[in-house]
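Please read the structure below before turning to the comments.
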Amino acid sequence: MPPLKFVRSLGRAGALTAFLFAVLPGVGHSAPSYQIFVSNERAGTVTVIDGSDFHVIATIPVGKRPRGIHGSPDGKRVYVALSGTPIEAPPQLDSHGNPIFKRGDDDDDDNQNADKSADGIGVVDVAQHKLIGKISVGSDPEEFDLSQDGTQLYISNEDVMTASVVSIAKKRVEHIVLVSQEPEGVATTPDGRHFYVTCETAGDIFVVDATTYRTTAHFKVDPRPRSADFLRGTPIGFIPSESAGELNVINYVQARLLKVIALPPGSRPMKVKVSPDGRWVYTSNGRAGTISVLDAHTYRLVHTIKVGKRPWGLAFSPDGRYLFSANGPSNDVSVVDLRANKEIARIKAGASPWGITVVSPAP
């Protein structure tokens with residue numbers, strides 16, 4: 001494939017596709033090497049992007065307010081969190097970057113107008129590019145992760161201060177775990193023995209045993225921790241604090257905070273992802289419109305990459321060559337070349353891209 005920096009100026013996905021068809025014989029005729037699925041929060045759709053040439057190949061209606069999105073281990077299904085709780089504008093921030101809430105309220109609480117029938121996890125068939133079902137998972141699901149064996153979903157229920165454990169085969173909630181206000185990020189530890197739940201409002205982090213479904217640890221970071229990820233082969237994990245513009249380094253085995261890293265001024269970190277090779281940590285910095293790159297072992301900031309507006313979800317290509325960010329207000333996906341640490345293309349998605357996952361074809 002020719003360097004995509006030459007096609008970046010073409011802008012629209014259609015122009016990009018036409019260019020690649022012209023210069024690459026056979027493009028579009030073979031199966032994609034992988035597919036990128038993007039949840040569009042305001043559009044109620046999932047955009048599917050071909051990983052071989054980065055053109056849009058499908059737009060799938062899924063339901064109200066799709067956010068968290070993940071593929072099944074076998075690559076045959078994509079799960080997407082759906083919610084009938086209305087979208088509200090991001091909260092105003094005080095001089096320290098903390099959200100300003102009204103007394104007794106928070107920025108996502110609008111239960112009086114919520115359509116609870118819309119809540120659930122949508123199931124998308126990867127081969128058909130079609131929504132084939134919806135699993136009931138409790139109120140207002142936002143983010144989730146899968147169990148290590150792919151049989152369960154661990155889900156944050158944002159408006160009711162709980163996390164749900166859901167059997168995919170039985171399509172029902174089997175356990176409910178009490179957490180605290182505005183649970184959001186969910187991440188299964190590399191050994192599969194626990195899952196972490198990050199709660200925005202007070203910076204609470206809960207560690208839940210994946211066998212007994214009991215909380216085994218609870219600690220705090222600065223407010224609005226949005227996600228978590230782990231460095232495989234080590235006890236180290238990372239949790240961003242959006243309000244403080246920080247990245248927290250934790251020992252996820254001992255469930256304790258080790259170090260706090262200040263990100264560049266103006267950063268409002270949302271998603272954190274450790275690179276497949278374990279060398280780098282990436283944070284999407286929200287309102288800053290950037291992605292920070294840190295050394296995963298020294299925690300030194302090594303690059304700042306400019307992308308689209310308010311990047312949220314992040315995902316890697318299977319070979320680790322590219323990083324994709326879902327950019328909400330600019331309604332697009334940035335393609336970042338990780339060898340050059342530079343955005344090389346943008347792909348139009350639906351309204352308000354939120355989450356992103358990469359699925360490789362099943363063997």
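The values are calculated or read from the model by the stated rules, or taken from the named source; none is laboratory data. Everything quoted here is computed from the prediction, not taken from an experiment. As a convention, Cβ positions derive from the backbone with ideal geometry for all residues, glycine included, and neighbour counts pool all protein chains shown.
Residue by residue, here is whether (1) closer than 27 Å to Thr162 by Cβ; (2) among the β-branched types (Val, Ile, Thr); (3) in the same structural domain as Pro311 (by TED's automatic domain parsing); (4) without any contact (Cβ under 8 Å) to a residue 12 or more places away in the chain holds:
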{"site": "Arg226", "(1), (2), (3), (4)": "yes, no, no, no"}
{"site": "Gly237", "(1), (2), (3), (4)": "yes, no, yes, no"}
{"site": "Glu242", "(1), (2), (3), (4)": "yes, no, yes, no"}
{"site": "Ile250", "(1), (2), (3), (4)": "yes, yes, yes, no"}
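Does Ser227 satisfy the condition of being assigned to a loop (DSSP other than H, G, I, E, B) and crowded, with 24+ Cβ neighbours inside 10 Å? Answer is yes for this residue.
Close contacts from the range 320-335, counting a first residue that is farther than 12 Å from Ile347 by Cα and a second that is of a type in the set (A, V, I, L, M, F, W, C), with Cβ to Cβ under 6 Å and a gap of 6+ residues or different chains, come to Tyr322/Val335; Leu323/Phe316; Leu323/Val336; Leu323/Leu338; Gly328/Trp312.
Could you tell me whether Val186 is hydrophobic (A, V, I, L, M, F, W, C), closer than 21 Å to Glu174 by Cα and surrounded by fewer than 23 Cβ atoms within 10 Å (Cβ to Cβ)? Taking the combined requirement at face value, the residue does not satisfy it.
Looking at the range 279-330 only, could you name the residues that are in a loop (DSSP other than H, G, I, E, B), among the β-branched types (Val, Ile, Thr) and buried (at least 22 other Cβ atoms within 10 Å of the Cβ)?
Within the range 279-330, Val307 is the sole residue that qualifies.
The set of residues from the range 331-345 being charged (D, E, K, R) and part of a loop (DSSP other than H, G, I, E, B) comprises just one member, Arg339. Does Thr357 count as at pLDDT 95 or above and in contact with a strand residue (DSSP E or B) (Cβ under 7 Å, 6 or more places away or on another chain)? Yes: the conditions hold for Thr357.
Quick grid of which residues meet (1) modelled with pLDDT of 95 or more; (2) of a type in the set (Gly, Ala, Ser); (3) part of a loop (DSSP other than H, G, I, E, B):
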{"position": "Ser164", "(1), (2), (3)": "yes, yes, no"}
{"position": "Lys170", "(1), (2), (3)": "yes, no, yes"}
{"position": "Ser180", "(1), (2), (3)": "yes, yes, yes"}
{"position": "Ala187", "(1), (2), (3)": "yes, yes, no"}
{"position": "Gly192", "(1), (2), (3)": "yes, yes, yes"}
{"position": "Val197", "(1), (2), (3)": "yes, no, no"}
{"position": "Phe206", "(1), (2), (3)": "yes, no, no"}
{"position": "Thr211", "(1), (2), (3)": "yes, no, yes"}
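Filtering the range 55-103 to residues that are at pLDDT below 95 and in a strand (DSSP E or B) leaves Leu93, Pro99.
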